[in-house]
Amino acid sequence: MRIAVVGSGYVGLVTGACFADLGHEVVLVDNDEQKLTALRNGAVPIHERFLRELLGRHRGQHIKFSGDLQAATRESEAVFIAVGTPPTETGDADLSYVESVAREISGAVDGYKVVVEKSTVPVYTSQWIRTVILRNGANPAAFDVASNPEFLREGTAVTDFLYPDRIVVGVESERCAEVLRAIYEPLTSGAYYGRADAIPRPDRATVPPRLIITSTKSAELIKHASNAFLAMKISFINAVASICESVGANVGQVCDGIGTDSRIGPRFLNPGIGYGGSCFPKDLMAFRAVAKENGYDFRLLDEVIRINEEQRHRFLRKVRAVLWTLRGKRLGVLGLAFKGGTDDIRESPALLLVEELLREHCQVCAYDPAAMEHAKEVLKSGVEFAKDAYEAATGADALLILTEWEEFACLDLDRLRKLLKYPMVLDGRNLYDPATMVEHGFSYYSVGRPAAVLEGATEVQSKKRERA
Ligand code: UDX
Ligand code: UDX
């Protein structure tokens, strides 16, 4: 199929590259000429595993980059809208980019077209897209609007696209459904997975994925409800972690106990400093807003958001409780991205915590495997940036782990202890076992588990041992 994808951000770029790998002819459209030039020259502007490989395979053959949306629409059978839907001040989704794209598409509907909303949008958006295209003169029989929400997680977006748990398609006509069935046929038939050059299958993949055909409104709600449920699960376990701290229980063991219930499942039960990213925070506000507009006061989401904010403040209080005064203290910080595996710092709890520590006049030396360039744009001069975790820890009064990068979970602990001024680790992502940390001479503080503190005397001794 010939497909146009509008918006070459995290979603659009992955969607275009994966469609090309399925064998479709893709035009990736963007209104940012600099981005297009960089993409044509082989740049890969986002940190996503396998994306470089897919773009390398198809750039110039099955995927091209263009700033001309009307031309791209004319030569395509389907146009996927994957432009940003950022939150407005009131928390609604800003759909002005979606509208401007829909308006521009309407001038190029010169044969049956399927316009597909890929960006996360509130329910009813597909109706608005149809209205805008009609108002701008398109023939009502010459197009359909569909909803095809993505469930990509940053850091695993390519495998999430090619090995989805399910593909959700919201349509209002059989003709439209046929086009989307054809687009995803390489996945739903399983043909893609038999190819020698298929992207490697992740452990938990269900192959082939189910194709769920529903109405546009249901598809739009599936996306918001999925994200809201996942965020709720995270806030739920963070609230339980706080109760564990109050009573001296261990949230890791509690997670084991509840996660083994197949109705709950172990995933998305990792307590920490809260969720961030360009989706959960914005999608919860948008879902709450659209529910309210339609007469439902979704107060449960208020509480999910409140718990999430509170998680960060609790962690800062923990840092104060351990270090006493903060002014002038040197803190090693591991992690600036909103999660491990990505360079994205949008709504990153790690970054928000670093900004709070700077306001307390701490000296911060931070390391992140992928997000430091983006972080420098935000943090300006306030933070030193290290070349690795060990440099970040050198001479620090304490080490803070704020993003769940895999490499932060397997540090050389003896080397780390020698580099720290005091052997104290505050882990916002529970990457280590407290007993292991004490064995290696650290006082270790984490989320929802008792502090593992070296006896005062041994703490001093361990410093003497180092000096010896
Ligand atoms: C976006 C939404 O933010 C997210 O909610 C949705 O799930 C998927 O699309 P993302 O890909 O991260 O996520 O968006 P962003 O990184 O902001 O990229 C959007 C791209 O669209 C940018 O490259 C921008 O230049 C481009 N764009 C934006 C257009 O081409 N035309 C426009 O009118 C507006
Ligand atoms: C999320 C959804 O998972 C994805 O389906 C949707 O398409 C986009 O939004 P993403 O935001 O990229 O994906 O990352 P995700 O892995 O969901 O993590 C979101 C945030 O929750 C991160 O800040 C992460 O650190 C945090 N998180 C995740 C937890 O704190 N605990 C968990 O158990 C899981």
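3J(HN,Hα) couplings calculated from phi for the range 202-208 with the Karplus curve 6.51 cos²θ - 1.76 cosθ + 1.60 (θ = phi - 60°) are, in sequence order, x, 3, 8, 5, 9, 10, x Hz; Gly and Pro show x. Relative to the compact-globule estimate of 2.2 N^0.38 Å, the Cα radius of gyration of the chain comes out at 1.07. Applied to the range 295-300, the Karplus parametrisation 6.51 cos²θ - 1.76 cosθ + 1.60 on θ = phi - 60° returns per-residue 3J(HN,Hα) values of x, 10, 8, 7, 5, 4 Hz, with x for Gly and Pro. Taking amide hydrogens as placed 1.01 Å from N in the peptide plane, the amide H of D427 sits under 5 Å from those of I401, Y445, S446, each at least 5 positions away in sequence or on another chain. Remark on A366: its backbone amide H falls under 5 Å from those of V333, E384, F385, A386, a criterion applied only to residues 5 or more positions apart or on other chains, H modelled at 1.01 Å from N.
Calculated on C-alpha atoms, the gyration radius of the range 76-192 divided by its Kirkwood radius gives an Rg/Rh of 0.98. For the range 15-116, the set of GluC sites (Glu not before Pro) satisfying both a DSSP loop assignment and a count of at most 16 other C-beta atoms within 10 Å is given as E75, E89.
Here the range 299-368 and the range 169-208 have alpha carbon centers that stand 40 Å from each other. Ordering T88, T73 by the number of other Cβ atoms within 10 Å of each residue's own Cβ, fewest first, gives T88, T73. Using only alpha carbons, the range 365-425 has a radius of gyration to Kirkwood radius ratio (Rg to Rh) of 0.96.
For the range 1-64 and the range 216-238, write down the distance between their C-alpha centroids in whole Å. Cα centres, the range 1-64 to the range 216-238: 28 Å. The alpha carbon centroids of the range 94-139 and the range 405-425 are separated by 52 Å.
Computed from backbone phi, the HN-Hα couplings of the range 428-433 come to x, 10, 6, 7, 10, 8 Hz, rounded to whole numbers (Karplus: 6.51 cos²θ - 1.76 cosθ + 1.60, θ = phi - 60°; Gly and Pro given as x). Only aspartates and glutamates eight or more places from K223 in sequence, or on another chain, were considered; those with a Cα closer than 17 Å are D92, D94, E117, E150, E154, D160, D165, D283.
Put simply, the amide H of E347, placed in the peptide plane, has neighbours under 5 Å in G277, leaving out anything fewer than 5 places away on its chain.
Along the chain, the exposed loop sites are chymotrypsin sites (Phe, Trp or Tyr not before Pro) outside DSSP states H, G, I, E and B with at most 12 other Cβ atoms within 10 Å, and the longest stretch free of them is 1-295. Taken over the range 308-467, the percentage of Cα pairs per 10 Å bin, counting from 0 up to the bin with the maximum distance, is 11, 44, 36, 8, 0.
Counted by Cβ distance under 15 Å from V383, the other residues give a net charge of -2, where Lys and Arg count +1 and Asp and Glu count -1. Exposed loop sites, defined as trypsin sites (Lys or Arg not before Pro) outside DSSP H, G, I, E and B with at most 10 other Cβ atoms within 10 Å, are absent from the longest region of the chain, namely 1-203.
Counting only Cβ charges, +1 for Lys and Arg and -1 for Asp and Glu, the dipole size of the range 2-214 around its Cα centre is about 480 debye. Could you compute how fast the range 94-147 diffuses translationally, taking Rh as the Kirkwood radius over C-alpha pairs and applying Stokes-Einstein at 20 °C with viscosity 1.002 mPa s? Give it in µm² per second. Approximately 195 µm²/s, per Stokes-Einstein. The coefficient of translational diffusion for the range 2-214, derived via Stokes-Einstein from the alpha carbon Kirkwood radius under 25 °C and 0.890 mPa s, stands at 142 µm²/s. Of all aspartates and glutamates in the structure, the ones whose alpha carbon falls short of 14 Å from that of K329, not counting any fewer than 8 places away in one chain, are E356, E360, E384, D397.
No lab work stands behind these numbers, since they all come straight from the coordinates. Everything numeric here is computed off the predicted structure, so don't read it as measured data. Every residue, glycine as well, gets a Cβ built from its backbone with ideal geometry; the counts of neighbours run over all protein chains shown.
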